[in-house]
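Below: one structure, written as structure tokens.
The values are calculated or read from the model by the stated rules, or taken from the named source; none is laboratory data. None of these values were measured; they are calculated from a predicted model. Cβ coordinates were reconstructed from backbone atoms using ideal geometry, including for glycine residues, and neighbour counts include every protein chain displayed. Ligands, DNA and RNA are excluded from the accessible area calculation, which covers all protein heavy atoms including side chains. Shrake-Rupley method; radii C 1.70, N 1.55, O 1.52, S 1.80 Å.
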Amino acid sequence: MIKERYSDHLYSGEMLAILEISDTPACLLDVHHQTVTLNRRLSTEFNINETELHLSNWLSLFQIHDRGEIYRVIHQSEQWNETELSVSIKLAKQRKNVSCKMLHLSNGNIIAIFSPQKQPTLSSEYSQQTYHNIIREPLPSSTVLNLREAFTARAKTTKTSQVKDRLVHAADSFPYGIAMLNSNWEVIFANPKMEDMVELTLSRYYRKKLWDLFPVDNHSIFFQNFLRAMETQETLEFQGEVQKNKVCMDVTVVPSEQGITIIAKDITNYKKHLDDMKKSEERFSLLSNNINEACWICAPEWGELFYLSPAFDELYGMDRHDIIKNPSLYFDLIDDQYLDVVKEAALIMTQKEHQVEFKITTPAGESKWIKMKGFPVENQGKQFVIGIDEEITKMKEMTLLEEKSRQLSTITQMAAGVAHEIKNPLTAIKGFLQIGAANPDLRDSYQDIILDEVNRIESIVQDFMMLSKPKSSVQLEYVNLEVIISYVSRLLDPDTESNELIVHYTCDPKLNGFYCEPKRLKQILINLVGNAIDALDEEGEVQIEAILEKEELVISVTDNGHGLTEQELLKLGEPFYTTKEKGTGLGIMVTKKMIDDLDGKINYQSRKNEGTSVTVRLPYRT
């Protein structure tokens, strides 16, 4: 650390610059030339546009009763003497009480440092007039020269050597690197922070030329700005890097006639952080600019868009910059029937991950399907919503074609099945009618067979009519489940009485009346219980159970009949597939259709030779 002859090189202009860096209001009084130089902080504080004032104009800023005391302190001849005054300054239409510390420098100038007024602590023997007397106290702790309380002289006279030591201590504790060069480019001072930043003990190179310590070719930006500051006598700011240890600095150069003062801040970590962010942004841009999906970032209230990827232009047929400026244009593209759905989905995306599909019409009139997926994120305490939009028009068209193809295949299959199922009874009817025509005596013996075949045809037609009924035909009524099950049991009694079959029924006591369509509900139970009875041999049991579970009515029909294999379970519901000798294969299809019409679900569980359980879940509307 260079400490020799420190005070000889700490010129008043440089001290004023250091106070400027520390954001301390101060000014420099040149008694010989009767001028006062204000730093920018003081000019702002006093609301003065000028930085140079005549001494008399500067004194006129103070109240009349303070000017005499200030004038007396200015003309004290003792060097390195520190004095503090409590003064009142006229600012516009008001007065402001401040504390003014005045320090006589060795070159005949005076530094005046201002700070907020402190309430003085006075003994009882002091009168009111002592309020404006000279108080021996240290400078305020917010000033750069007060680091480690550099000026703590409480005596009337402070020795020059004490002030020198305190200035050195202040520089030692300064958080930034400080160095001084004279006009010959010789190093005359550097604090420990500067030595750490350049990894060089500069005290060993006192009065050495700067280029002897740092090669000009490797540090050209430093030498260029140092030379420019010396020539123009203007304060300069720039950034540079020390080649030896790759330390990046934010440098301020304060020139004077005797040389320059260098104040440097280590910004290596800050620069690294910025570089990492830049690389991350470049990688993100590389990704978002080369995918077909449109990426976006917006505020939670959707009133502000922060980013739209280039894919947005092609996807929506609009310039993304126009959308960023006016986000409401985005919603204008959405078809009216989907607008409320999209807005509701956007609200959900502010809380959790969500997606929505909707249709848009581009400005060119092109219709497109869009799938939007978004989710909330938090960054540095701020909330955002990030998402991706992709076009799914082709996927929607393919899905529609598959559905139509599947419907056509089903219709074709059912048409073939209907033709086959109706053809068989028609053939029997035709044959028996022909026999009856040839042998009138035999007509009566074939009438029952003909009637059975006609009933079979009627059953097939009724099932098809049930399948063709629209869901809109559902008419809800208030029903009692026990009454409906009792009706089904009585209806199926003849089937159970002919064999030793038992039908059990249990109902959840919490079940009350609810809204449903009674016709469909009765037919569902008739089909399920009838199938269970048909699956039994001459002996067996059918268990009907109804419970309330999570706002759903759960009806289970279980039998201990011959059961079904896994392959048979998979085929259940296919048109005309049946395990019954006289079944049409449409009963399960009709049952499932009616359950779907009631917004319910059906599930089958079965094991061969053990039995089958059918569970129906319906909304419990009360």
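Quick rundown of the values:
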| item | result |
| --- | --- |
| When residues of the range 467-497 are limited to those that are assigned to a helix (DSSP H, G or I) and surrounded by 16 or more Cβ atoms within 10 Å (Cβ to Cβ), the one modelled with the lowest pLDDT | THR496 |
| Matching residues, the range 260-281, being open to solvent by less than 60 Å² (accessible area, probe 1.4 Å) and either in contact with an Asp or Glu (Cβ under 8 Å, 6 or more places away or on another chain) or acidic (Asp, Glu) (or both) | THR261, ALA264, ILE267 |
| Counted residues, the range 502-532 - those being hydroxyl-bearing (Ser, Thr, Tyr) and either crowded, with 17+ Cβ neighbours inside 10 Å or over 50 Å from the mean Cα position of the chain (by Cα) (or both) | 2 |
| Odd one out for LEU536, checked against (1) of a type outside the set (Val, Ile, Thr); (2) assigned to a loop (DSSP other than H, G, I, E, B); (3) open to solvent by 70 Å² or more (accessible area, probe 1.4 Å) | (3) |
| The range 219-250: number of residues that are surrounded by fewer than 21 Cβ atoms within 10 Å (Cβ to Cβ) and more than 37 Å from the chain's Cα centre (by Cα) | 20 |
| Helices (runs of 4 or more DSSP H) enclosed by the range 178-267 - at least 3 residues per element that are aromatic (Phe, Trp, Tyr) | 220-232 |
| Test: GLY583 is modelled with pLDDT of 85 or more and assigned to a loop (DSSP other than H, G, I, E, B) | no |
| First in the range 241-254 and free of Cβ contacts under 8 Å to residues at least 24 places away in the same chain, second anywhere and open to solvent by 20 Å² or more (accessible area, probe 1.4 Å) and of a type in the set (Lys, Arg), Cβ under 9 Å, 6 or more apart | GLU241/LYS271; CYS248/LYS271; CYS248/LYS272; ASP250/LYS265 |
| Residue in the range 33-43 that is open to solvent by less than 30 Å² (accessible area, probe 1.4 Å), under 30 Å from ALA264 (Cβ atoms), of a type in the set (Gly, Ala, Ser) and part of a strand (DSSP E or B) present | no |
| Subset of the range 58-68 [modelled with pLDDT under 85 and either assigned to a helix (DSSP H, G or I) or open to solvent by 60 Å² or more (accessible area, probe 1.4 Å) (or both)] | ILE64, HIS65, ASP66, ARG67, GLY68 |
| Qualifying residue in the range 288-311 (condition: β-branched (Val, Ile, Thr), free of Cβ contacts under 8 Å to residues at least 60 places away in the same chain and either crowded, with 16+ Cβ neighbours inside 10 Å or in contact with a Gly (Cβ under 7 Å, 6 or more places away or on another chain) (or both)) | no |
| Matching residues, the range 334-390, being surrounded by fewer than 12 Cβ atoms within 10 Å (Cβ to Cβ) and in contact with a Leu (Cβ under 9 Å, 6 or more places away or on another chain) | PRO363 |
